[in-house]
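Take a look at the structure set out below.
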Amino acid sequence: MSVYVKRLFPYFSRNGSVLCRNIKVGSERYGLEGQSVLRCAATVKSPPPKPSSWRRYGKLVGMGFGVGALATGVYMYDIYKRVTTPIANPSEGGEYVLREAPPSFTPSRRIQVPTDTTGLKITLFQYQTCPFCCKVRAFLDYFGFSYDVIEVNSVTRTQTRWTDYRKVPFLVVQIPNTDVILQLKDSTMIISVLQSFLDNNTSNLPDLVKCYPTMVYTDEEGEKRIEIMNRYFLMYGQHPSGRTKEDIVEERKWRKWVDDVFVHVLSPNVYRTTKEAFQAFEWFSKVGDWEEHFATWERLLVVYVGAVAMFLIGKNLKRRHQLKDDVRCSFYEETNVWLKALKKKGTKFMGGDQPNLSDLAVYGILTAVEGCDAFQDLKNNTKITPWFERMKEVVIQHGGATSTGEKGSAA
Ligand SMILES: N[C@@H](CCC(=O)N[C@@H](CS)C(=O)NCC(=O)O)C(=O)O
């Protein structure tokens, strides 16, 4: 899963330098072999090769390796620079308004829903199996938004170099009949602002994003972090009809639980053993169509280095999030926390007859691991299947599409 693929690059570059070192060792070893060949040649009395030609030959080979190592180093450095130096396209006139249109990329997929009358031209930048991206897709699909998908290469990140936002998912949204282009960052903010947009007949998106100001701060490890204020809050012009305050607070509580707790049980489970980690990456490669979108070396790099790295990182995450020794137990336990609340509610979904944002969040992040052993085990050891299948059906059928259909072009 790509949730921690951001860490791949350091492994990748470390791997690169290991490669260079091997090459150097190889050339030194070659020199030693040269000497032993010399000794051997002396005993059989065949004409000994001229030491000077051996030295010259050795030198040439050494130089060849040296040049190779240098070229590899330069290539690695070039990738490193590309990854670490974004071509910033900062917002202007508002934190989410782009100064200029981003470069255009061929979408890996186009989702066209005929009932969508919002007029918004939405592009989702994502990793196919990142849980946060899956959460946004579950939301967009359920409400029947039309959108294009740009699959980001997690190693080179070519598709996101134009922005200084370092994560996925984010949306680029062209507002109809204007030249305003928004960049909506963070899965939770994206969902809150779009839901607020659907709930308010009079509101427009550029106004709504102002309710989600960002705060930049440096954490204790010296890393720059962005906090989006109000990201769990929906903006209502007036009290929403048909919803109680308790219902709204409960939805918010579960959405937060998904981000703070539930999502953290996924990685240690999916990468529990090296075998599972490889299986997971092979599945990510398949559903993300990596063969089509990445060069072969990039795909293999992400799969092999990624699987090993994530196996190790998974152990770290297990400690950090204080999961049980058998991480499956934590997965089942947290899932049961959700299922118990659902049972208590006694309705088809946490939202009642229709899913609400907490249903979509739990479902969305689970789809990120759907093809992994961990999810099969979850189905065998909990009662997640009936709710999960109900969710799948309503999401695929755009069960909430009346909202995007009623919106008209009020963006
Ligand atoms: N709070 C963010 C978290 C997003 C996140 O951590 N995304 C990961 C991928 S799943 C990421 O982009 N990491 C940085 C990277 O891969 O370079 C959200 O909800 O959107």
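A short reminder: the numbers here are calculations on the coordinates, not readings from a lab. If you're wondering where the values come from, they're calculated on a predicted model, not measured in any experiment. Positions of Cβ are generated from backbone atoms using ideal geometry, with glycine treated the same way; all protein chains shown enter the neighbour counts.
Hey, can you rank 342-348, 271-277, 360-366 by average C-beta count inside 10 Å, highest first?
Put in order of decreasing packing, that is 360-366, 271-277, 342-348.
Can you give me the long-range amide H partners of residue 324? Hydrogens built in the peptide plane at 1.01 Å from N, cutoff under 5 Å, separation of 5 or more residues or another chain.
Here 330 satisfy the definition.
Of 121/344; 245/315; 185/245; 210/345, which ones are farther than 32 Å apart at the Cα?
On the way: 121/344 40 Å; 245/315 40 Å; 185/245 27 Å; 210/345 35 Å.
Where the Cα-Cα span goes over 32 Å, the pairs concerned are 121/344; 245/315; 210/345.
Between residue 178 and residue 112, what is the FRET efficiency for a Förster distance of 22 Å, r being their Cβ-Cβ separation, to the nearest 0.05?
Given R0 = 22 Å and the Cβ-Cβ separation, E is 0.50.
Sorting 130, 329, 211, 372 on the 10 Å Cβ count, fewest up front, what's the list?
The fewest-first ordering by Cβ neighbours comes to 329, 211, 372, 130.
Applying 1/(1 + (r/R0)^6) with R0 = 41 Å to the Cβ-Cβ distance of residue 225 and residue 385, what FRET efficiency is obtained, to the nearest 0.05?
0.65
Rank the residues 251, 246 as a footprinting-exposure proxy: fewest other Cβ atoms within 10 Å of their Cβ go first.
Ordered from fewest to most neighbouring Cβ atoms within 10 Å, 251, 246 come out as 246, 251.
Above 17 Å lies some portion of the pair distances; for the stretch 294-398, what is it as a whole percent of all C-alpha pairs? Intermediate values should be presented prior to the final figure.
On the way: 3401 of 5460 pairs.
Summing the P(r) tail past 17 Å for the stretch 294-398 gives 62 percent.
For residue 148, list long-range residues whose amide hydrogen, built 1.01 Å from N in the peptide plane, is under 5 Å from its own amide hydrogen.
Distant-sequence amide H within range of residue 148: 111, 122, 123, 124.
When the convex hull of the Cα atoms of the stretch 114-184 is projected onto a plane and the area is averaged over all directions, what value comes out in nm²? Please report the intermediate quantities before stating the final value.
Working: hull surface 20.4 nm².
Projected area, direction-averaged: 5.1 nm².
How are the C-alpha pair distances of the stretch 109-244 spread across 5 Å bins, as whole percents from the shortest bin up?
Cα pair-distance distribution for the stretch 109-244, in percent: 2, 9, 18, 22, 21, 15, 7, 3, 1, 0.
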